[in-house]
1. For residues that are closer than 21 Å to Q143 by Cβ and in contact (Cβ under 8 Å) with a residue 40 or more places away in the chain, scanning just segment 90-125, find the one that is surrounded by the fewest Cβ atoms within 10 Å (Cβ to Cβ).
2. Can you pull out the residues in segment 51-85 that are in contact (Cβ under 8 Å) with a residue 40 or more places away in the chain, in a helix (DSSP H, G or I) and more than 14 Å from the chain's Cα centre (by Cα)?
3. Among (1) touching a residue at least 24 places away in the same chain (Cβ under 8 Å); (2) over 16 Å from N44 (Cα atoms), where does V145 come up short?
4. For segment 155-174, give me each residue that is assigned to a helix (DSSP H, G or I) and over 25 Å from the mean Cα position of the chain (by Cα).
5. Taking the condition within 13 Å of V145 (Cα to Cα) and surrounded by 13 or more Cβ atoms within 10 Å (Cβ to Cβ), does I43 pass?
6. Within segment 126-139, take every residue that is in a helix (DSSP H, G or I) and touching a residue at least 12 places away in the same chain (Cβ under 8 Å) and give me the one that is surrounded by the most Cβ atoms within 10 Å (Cβ to Cβ).
Amino acid sequence: MKLSFSTLLLLLVFLSSCQEDPKVRALEQKKETQKREVIFTNINKGWNFNAQPINETSRELRTNWTEWRLFLNELGQKPKSSIGAFQQKAKTLCKRAAELNNNIPIKYNLLEIKSRIAVITTKINAINLYIHLNQIPDKKIVQLVQEIHIEVASMQWQLDEIKRKSEIKMEEGESDMIRMLDTTRAIPNNPKPKIIK
């Protein structure tokens, strides 16, 4: 009898402790909503990309290189409505950044450009990761947006430098000199042994 009475008492205590107070739940939901609004405001203020080409080379590539044009267009469109809109934009930017490696014009298909594309893609993937967390680190996202802005400008300046270097004419005999400096054409130090028959 004592055992069943104590079990019943323990069960009543357990059931009464499991019931949540609706006022407490409403207060917690209100705090969470306010927190998300602050995060949205901070991200909205910091989400400023300059998607305009900063030099003539970038403008030319915008017309010739479809992936570059789509990336800059996507970068220039700022979501406005909610955190969900920013999450969708981050996902789309990830896709566009990954596509930058497709169809790079031959003249610019160099390690310098590919490495800059890789940095941009990595930072955009980081934004996509952070913005999909339950506790969104808004300061980190704003910092990454600023870093991406710098990297995109750096890539545009690198594209311009490649174009300028390609327009420099070679002097007479310079191509022969470059060929002579090429170590892959040199005669090997270890001649092949002669086979005596």
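1. Looking at the filtered set, the residue picked out is R116.
2. Correct list: E56, T57, S58, L61, N64, I83.
3. That leaves (2) as the condition not met.
4. K163, R164, K165, S166, E174
5. Here the answer is yes, as I43 does meet what is asked.
6. Within segment 126-139, the subset in a helix (DSSP H, G or I) is 126-131, 138-139.
If we keep only those that are touching a residue at least 12 places away in the same chain (Cβ under 8 Å) as well, we get 126-128, 130-131, 138-139.
Numbers: A126: 18, I127: 26, N128: 20, Y130: 17, I131: 23, D138: 20, K139: 12.
The qualifying residue surrounded by the most Cβ atoms within 10 Å (Cβ to Cβ) is I127.
Read-outs throughout are calculated quantities, based only on the coordinates presented, and are distinct from any laboratory measurement. The shown structure was predicted, so the numbers you read here are calculated from the model rather than taken from an experiment. For neighbour counting, all protein chains shown are included, and Cβ atoms are generated from backbone atoms with ideal geometry for every residue, glycine included.
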